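S.K.: The structure's right below; bear with me while I get my questions together.
The values are calculated or read from the model by the stated rules, or taken from the named source; none is laboratory data. The model shown is predicted, which means the values in this text are computed figures rather than measured ones. Methodologically, a virtual Cβ is constructed for each residue, glycine included, from the backbone with ideal geometry; neighbour enumeration extends over all protein chains shown. Keep in mind that these areas ignore ligands, DNA and RNA; they rest on the heavy atoms of the full protein, side chains included. Shrake-Rupley method; radii C 1.70, N 1.55, O 1.52, S 1.80 Å.
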Amino acid sequence: MANVLLTGGAGYIGSHTAVALAERGHQVVILDNFRNSQRDVPDRLLRLTGKSFPVIEADIRDTAACSAALAAHPVDAVIHFAALKAVGESEADPLLYYDMNIIGTIRLLEAMQAQNIRRIVFSSSATVYGQPDTSPILENFPTRVQSIYGRTKLVMENLITDLARTGKLLAAANLRYVNPVGAHPSAVIGETPTGVPNNLMPFMCQVATGQREFLSVFGNDYNTPDGTGVRDYIHVVDLANAHALALEYLLANDVAVTVNLGTGIGISVLDLVNAFEKTTGRAVPYKIMPRRPGDVASYFANPGAAEKLFGWKAALNVDDMCRDSWTWEAKRAGINDV
Ligand code: NAD
Ligand code: WQD
């Protein structure tokens, strides 16, 4: 059993990780500024786990607040989710992303050092690979970031690996994940995108609920089996479990590792539409539109390192992802006959 602080723990992946950690007997503390999450998430977590997690409303850029939080809640490790994650927004406002993601991480690491907390799991992204030459992607593939957001993720990784290399951190895991989708099967927690969703799965769900007229399929002329973009979608519950196993690995091993988290299966846009319609019985009308600038054709991960190091393997399939996404989104839209 460990005490763990989750920065951004009220967010999509953080909240699901809090459940996974609680299920494994760990004590969770949440630090979040609620910039991109709902304030009722801690109550939802209480409903799901029966545990009332301490919540500190603070910004990771506020070193004093982070230090005070860590002093008040001595933990064995930090899982660092707090960041901005929208590629388009990052290109429109680079300094915001450099400040929130990079300066924020430096301030957090300063607070950790002040409180002698020397183990961290970091939420990185497969976006650091850019367009890989081939898939499945291995961790030693070149990192060729193609966005401000991707660059902040790579810099954040480097900060952590440098502190591990110089002995300031005892243990670190940079987790590069692909495309998280889905929601907890209880539909008590899930993704709450604001405005028009950028990502495929939440947008598709909102077409199915009738909130959106049709899905724009961004390009069908890629060099992929059906011409549409291929990604490695991973259920957020599988991802949460991977974070818990990565934490436990770091508690037992003073090492720094970089690990891909994915299913190893490439799914095209039309594959996902077909799986969603089959699983939910809901239609997803779509139109083929021009490619979206910045999109890469295809990538999926080789999750072999995660299995070898953490004993983790994705257990949920694309039908589970569609079912749980739909149940959550339908509930949000007030549709009860799911
Ligand atoms: P999210 O926006 O739902 O969660 C992030 C949480 O961090 C939110 O609750 C937000 O309020 C909080 N936060 C943001 N800036 C903060 C700050 N300065 N101080 C304190 N709290 C702050 O996003 P998510 O999808 O849960 O992603 C979590 C992490 O995973 C991010 O670091 C993201 O880059 C990474 N990631 C996400 C995806 C994805 O597709 N969702 C893929 C790969 C990696
Ligand atoms: C998936 C596929 C689109 C929407 C993003 C970030 C990445 C990471 C995960 C943080 C692509 C197609 C999408 C739509 C579509 N986030 N699509 N119509 O772009 O692979 O990754 O989220 O780390 O950094 O870039 O995810 O869901 O937006 O797109 O046709 O309305 O669906 O072209 O092929 P993406 P996505």
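S.K.: Skipping prolines and chain starts, which residues have an amide H placed within reach, meaning under 5 Å, of the one on G264, given they are 5 or more residues away or on another chain?
M.R.: The answer is A301.
S.K.: Sort L48, L5 by heavy-atom solvent-accessible area, probe 1.4 angstrom, most to least.
M.R.: L48, L5
S.K.: Using Cα springs under 10 Å in a Gaussian network model of the chain, which residue among A315, A187, A297 shows the largest mean-square fluctuation?
M.R.: A315
S.K.: With the contact rule set at Cα under 8 Å and sequence spacing of 6 or more, what percent relative contact order holds for the chain?
M.R.: So the answer I get is 19 percent.
S.K.: How long are the semi-axes of the equivalent ellipsoid of region 100-185, defined as square roots of 5 times the Cα gyration tensor eigenvalues? Whole Å, largest first. Working shown, then result.
M.R.: Details: eigenvalues 121, 48, 33 Å².
Working from the Cα gyration tensor, I get semi-axes of 25, 16, 13 Å.
S.K.: Another one. Whole Å is fine, so just give me how far the alpha carbon centre of region 72-89 lies from that of region 252-299.
M.R.: So the separation of the two Cα centres works out to 24 Å.
S.K.: Something else about it: Ignoring ligands, DNA and RNA, what percent of the 1.4 Å accessible area of region 182-337 is carbon and sulfur?
M.R.: For region 182-337, the apolar C and S fraction of the accessible surface comes to 51 percent.
S.K.: Can I ask one more? Under 8 Å for C-alpha pairs, at least 6 residues apart: give me the relative contact order for region 185-338, rounded to a whole percent.
M.R.: This gives 37 percent for region 185-338.
S.K.: Now for a different question. Which one of V181, V55, V78 has the biggest mean-square fluctuation once the chain is modelled by GNM with Cα springs under 10 Å?
M.R.: The residue with the greatest mean-square fluctuation here is V55.
S.K.: Right, something else. Taking H as built 1.01 Å from N, whose amide H comes closer than 5 Å to the amide H of V217, not counting residues under 5 places away?
M.R.: K287, I288, M289
S.K.: Something else: Skip the ligands, DNA and RNA, and give the accessible area per residue of region 72-131 with a 1.4 Å probe, whole Å². Could the numbers behind the result be given before it?
M.R.: On the way: 2310 Å² over 60 residues.
Accessible surface, normalised per residue, equals 39 Å².
S.K.: Report the per residue volume, in Å³, of the convex hull enclosing the C-alpha atoms of region 32-169.
M.R.: Taking the convex hull of the Cα positions in region 32-169, it is 133 Å³ per residue.
S.K.: With a 1.4 Å probe and all protein chains kept in place, how much accessible area does D162 have, in Å² rounded to the nearest 10?
M.R.: Roll a 1.4 Å probe over it and D162 shows about 70 Å².
S.K.: Can I ask one more? For Cα pairs less than 8 Å apart in space and 6+ apart in sequence, what is the mean separation divided by the residue count of region 193-250, i.e. the relative contact order in percent?
M.R.: Relative CO of region 193-250 lands at 14 percent.
S.K.: Could you compute the FRET efficiency for I335 and S216, with r as their C-beta to C-beta distance and R0 at 30 Å, rounded to 0.05?
M.R.: That gives a FRET efficiency of 0.85.
S.K.: Rounded, prolate or oblate for region 285-329? Axes are the square roots of the Cα gyration tensor eigenvalues, ordered a ≥ b ≥ c, and the cut-off for rounded is a/c under 1.5.
M.R.: Oblate, because a/c is 1.5 or more while a/b does not exceed b/c.
S.K.: Could you work out what % of the accessible surface of region 1-85 is carbon and sulfur, using a 1.4 angstrom probe and leaving DNA, RNA and ligands out of the count? Intermediate results must be reported in sequence, preceding the final value.
M.R.: Numbers: 1570 of 3370 Å².
Looking at region 1-85 in its full context, I get 47 percent from C and S.
S.K.: Over all alpha-carbon pairs in region 185-234, figure out the percentage whose distance exceeds 14 Å.
M.R.: 63
S.K.: Would you calculate the convex hull of the Cα atoms in the chain and tell me its volume per residue in Å³?
M.R.: Once divided by residue count, the hull of the chain is 120 Å³.
S.K.: Give me Rg/Rg_expected for region 213-306, where Rg uses Cα atoms only and Rg_expected = 2.2 N^0.38 Å with N residues.
M.R.: On the way: Rg = 17.0 Å, N = 94, 2.2 N^0.38 = 12.4 Å.
Its radius of gyration relative to the 2.2 N^0.38 Å reference: 1.37.
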